[in-house]
């Protein structure tokens, strides 16, 4: 049995969202990026750790990929 | 293995092959992989085109970095790695190790955090050694986009090793051969079906680039994101022959995501308003539930995805997907990003054998069912 942070119990769910689909519009920032499992522990400057993401100052006015 | 699984597997293995050298933006291997994918899309019945753009700043490790501690050579990406703020240091530079308590830093390698960059530059330190963790297999994943390049060499050192260096000090000899330069990218676009005027359109996207091979080590990028590309191409192939007339279906295989999502930044502004965007980034090892992030007016898309997940038996949960979907959402489009696992994330062991056939199939079924549900709700 795997319990997720949203409170749903995996073994009880066949498919679909474990909770309100609208939560996907406000996803938790923890829990990995680009579909990766746990983020790699790192002491890098923060923006460099998010896959495929440029630092905010590199993408003015475009909406930073790191959110 | 059925035809669908064979096609999915072929795309993953071909994109991860030596000849494409990890598919970093602006490289010969990256361009060649785009040409190969264009052929696959034409074969599937699409009209294919290319969109060129420039990524302004991409890191390139052009020789294997060196770090020796008291004469012992350490292992790149296991013990240490280039830090993305590092200045280019082509040849090994010797120096004494020192901590931040050292009164004068000139000529020393300083054991500190990256917040000491300015002092290190002002005092002409040889460079900084900063602590960094590793993944569960002991690798430091490779990145090619990040904060601006600084004025001094910076090396990330495995946390426990950094602590040992701080206790024992001694001498190091180190190089960081890394450039930052613009790179030419190329998105591959495929139109399978044009929408009728005012009709509904769906765009399936996946980034086709990787972080690229190191000079001496391969980075196959099989999961991130050959797996997503395979799912998108196969999903489009299946949908093209079955969607009702007048519904638009297009695919964008994007370049430059690893360098800062530049391909989608280029493309997003050109997409017809109202187009539904489904981005797949990682479809290699589903563990529990797929991660989903939505942006823009994505309500109908989320509802369709939820129904599709129930239909095909894929559990979904809200999770951060820092990928091209954010560029489309930022442009006002209904966009979702789906992630179903990246084993070996941006390390040499991100190999095709770790991409599960069952996950590729599940992701394809999920995408196909989502589009069908969405179109059913729009008719």
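Selection over the range B:105-129 of residues that are over 16 Å from residue B:85 (Cα atoms) and at pLDDT below 95 gives a count of 0. Filtering the range B:127-145 to residues that are closer than 14 Å to residue B:74 by Cβ, assigned to a loop (DSSP other than H, G, I, E, B) and more than 10 Å from chain A (Cβ to nearest Cβ) leaves only B:138.
Residue count for the range B:151-187, restricted to those that are closer than 15 Å to residue B:90 by Cα and not in a strand (DSSP E or B): 4. Residue B:364 falls short on exactly one of the conditions (1) in contact with a strand residue (DSSP E or B) (Cβ under 7 Å, 6 or more places away or on another chain); (2) assigned to a helix (DSSP H, G or I); (3) at pLDDT 95 or above, and that condition is (1).
Checked against (1) in contact (Cβ under 8 Å) with a residue 60 or more places away in the chain; (2) in a loop (DSSP other than H, G, I, E, B); (3) farther than 17 Å from residue B:367 by Cβ, residue B:245 passes all but a single condition, namely (1). Checked against the criterion of being buried (at least 24 other Cβ atoms within 10 Å of the Cβ), touching a strand residue (DSSP E or B) at 6+ places or on another chain (Cβ under 7 Å), more than 8 Å from every other protein chain (Cβ to nearest Cβ) and at pLDDT 95 or above, the candidates B:371, B:355 yield just one match: B:371. On the given criteria, is residue B:111 buried (at least 17 other Cβ atoms within 10 Å of the Cβ), within 14 Å of chain A (Cβ to nearest Cβ) and in contact (Cβ under 8 Å) with a residue 24 or more places away in the chain? Judged against the criteria, residue B:111 is a match. When restricted to residues that are within 30 Å of residue B:354 (Cβ to Cβ), more than 8 Å from chain A (Cβ to nearest Cβ) and touching a helix residue (DSSP H, G or I) at 6+ places or on another chain (Cβ under 6 Å), the range B:293-303 contains 0. Is it true that residue B:341 is closer than 30 Å to residue B:196 by Cβ, out of contact with any strand residue (DSSP E or B) (no Cβ under 6 Å at 6 or more places or on another chain) and in contact (Cβ under 8 Å) with a residue 12 or more places away in the chain? For residue B:341, the condition - closer than 30 Å to residue B:196 by Cβ, out of contact with any strand residue (DSSP E or B) (no Cβ under 6 Å at 6 or more places or on another chain) and in contact (Cβ under 8 Å) with a residue 12 or more places away in the chain - is not met.
Okay, residues lined up against (1) part of a helix (DSSP H, G or I); (2) facing chain A (nearest Cβ under 7 Å):
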residue	(1), (2)
B:283	no, no
B:288	no, yes
B:291	no, yes
B:308	yes, no
B:321	no, yes
B:328	yes, no
B:333	no, no
B:338	no, no
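Figure legend. Inter-residue proximity from the range B:56-73: first residues without any contact (Cβ under 8 Å) to a residue 60 or more places away in the chain, second residues crowded, with 20+ Cβ neighbours inside 10 Å, beta-carbon distance below 8 Å, spacing 6+ or different chains. Indicated pairs: B:73/B:66; B:73/B:67. Within the range B:191-211, the set of residues being closer than 21 Å to residue B:369 by Cβ, touching a helix residue (DSSP H, G or I) at 6+ places or on another chain (Cβ under 6 Å) and assigned to a strand (DSSP E or B) comprises B:192, B:202, B:204, B:206.
The values are calculated or read from the model by the stated rules, or taken from the named source; none is laboratory data. Computed from a predicted structure; not experimentally measured. When we count neighbours, we look across all protein chains shown, and the Cβ atoms used for this are built from the backbone with ideal geometry, even at glycine.
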